[in-house]
2 protein chains.
Amino acid sequence: MSANSRLTIAAHALAWISLYQRQGHEVATSEQIAASANTNPVVIRRLLGELRKAGLVESRRGVGAGWSLARELESITLLDVYEAVEPGPLFAMHRATPDQGCVVGYGIQPAMQGIYEGIEETLRRELARVTLEDVLRDVLAAPR
Amino acid sequence: MSANSRLTIAAHALAWISLYQRQGHEVATSEQIAASANTNPVVIRRLLGELRKAGLVESRRGVGAGWSLARELESITLLDVYEAVEPGPLFAMHRATPDQGCVVGYGIQPAMQGIYEGIEETLRRELARVTLEDVLRDVLAAPR
DNA sequence: TGGGTCGTAACAGTATTTGTTACGATGGGT
DNA sequence: ACCCATCGTAACAAATACTGTTACGACCCA
């Protein structure tokens, strides 16, 4: 499906920020998070920018700048993150419009749209069942 | 997510073959199906080749060659098709291994793997609830 | 005023998906 | 035995998406 890693990296960033704050720090920098995720700080800033639009994190500029959580980790679900960083639908329709003179070509898109909607709704419900607090707990539970 | 259209096109092809066979024809050619889906015959042959590996369709060569269903449409689910044409997982991990010296970098991948597995299992269950017979019914039910 | 960090544009590199051309293999009909 | 439509598949092109990287102005506290 050519899956991307945005949801994973965004969850990583949120878990990192939260843990860092629990250690007494005010804000986390994109450079620190990028080092943990082994990627570029700009990638982190881009993702966190999306999360900020969604009201999940806040950022400060100037000296002592960085990122902090805007909500409790427990109140943020994977669905919140998913919707913030994933724009499109899960399954795509035909690239070119199918033959509208053919019965199947005419009816296939509305048919699949309806089916896909139901499936994506189920996916959303499932994503909504997992909080970022759950994620952090699982992260910390990894066997040494 | 960079969704692709393979599941949609494969469902289109199966519905088309079935309808064509119900009209009394033995086999459907990749060219006919491609015309309905508005794509290239090779794209159809590639997809149907995957479905054949999965035992969903059969192909004949030589004169009078073409494709036919290997199973009843009612016994084929979207999950069968999905597994035949979609190789990878839904969500990707980090491209580069995260910092194993960091608590989060160390635990994030097993944590997300476990969570993603459950979500994908739910997706599979949902896909398994829809048969290609359902799809064809919906296709034919599209308002003129 | 200085310096660290965000915000964002721009571009490169890689990967994936889809479309296209080409051509040998197949096998029933003649 | 030959013809010919179609499959099977490789090879390549084109389009798109994703990630990484560089660059630089904006910001703001000390």
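Looking across the stretch A:1-60, the residues that are away from DNA strand C (no atom under 14 Å from the Cβ) and either farther than 24 Å from B:T97 by Cβ or surrounded by fewer than 19 Cβ atoms within 10 Å (Cβ to Cβ) (or both) come down to A:R22, A:Q23, A:G24, A:N38.
Inspect all residues belonging to the stretch B:84-99 and state whether any of them is within 7 Å of another protein chain (Cβ to nearest Cβ), among the hydroxyl-bearing types (S, T, Y), under 30 Å from A:V43 (Cα atoms) and more than 10 Å from DNA strand C (Cβ to nearest atom). Yes; the residues of the stretch B:84-99 include at least one that is within 7 Å of another protein chain (Cβ to nearest Cβ), among the hydroxyl-bearing types (S, T, Y), under 30 Å from A:V43 (Cα atoms) and more than 10 Å from DNA strand C (Cβ to nearest atom). Counting only helices (runs of 4 or more DSSP H) that fall entirely inside the stretch A:16-90 and contain at least 2 residues that are in contact with a strand residue (DSSP E or B) (Cβ under 6 Å, 6 or more places away or on another chain), the qualifying elements are A:41-53. Figure legend. Inter-residue proximity from the stretch B:49-64: first residues within 16 Å of B:V81 (Cβ to Cβ), second residues part of a helix (DSSP H, G or I) and of a type in the set (G, A, S), beta-carbon distance below 8 Å, spacing 6+ or different chains. Indicated pairs: B:E50/B:A10; B:E50/B:A84; B:L51/B:A10; B:L51/B:A13; B:L51/B:A84; B:K53/B:A84; B:A54/B:A84; B:L56/B:A84.
If you go through the stretch B:104-128 and keep only what is within 7 Å of chain A (Cβ to nearest Cβ) and among the hydrophobic types (A, V, I, L, M, F, W, C), you end up with B:V104, B:I108, B:A111, B:M112, B:I115, B:I119, B:L123, B:L127.
I'd like to verify a number: residues in the stretch B:105-144 that are modelled with pLDDT under 95 and small (G, A, S), how many?
If we filter the stretch B:105-144 for residues that are modelled with pLDDT under 95, which is where we start, we get B:142-144.
If we keep only those that are small (G, A, S) too, we end up with B:142.
Residues that pass the stated criteria total 1.
The values are calculated or read from the model by the stated rules, or taken from the named source; none is laboratory data. Being a predicted model, the structure only gives us computed values, none of them experimental. No Cβ is skipped: glycine too gets one built from the backbone with ideal geometry, and neighbour counts run over all protein chains shown.
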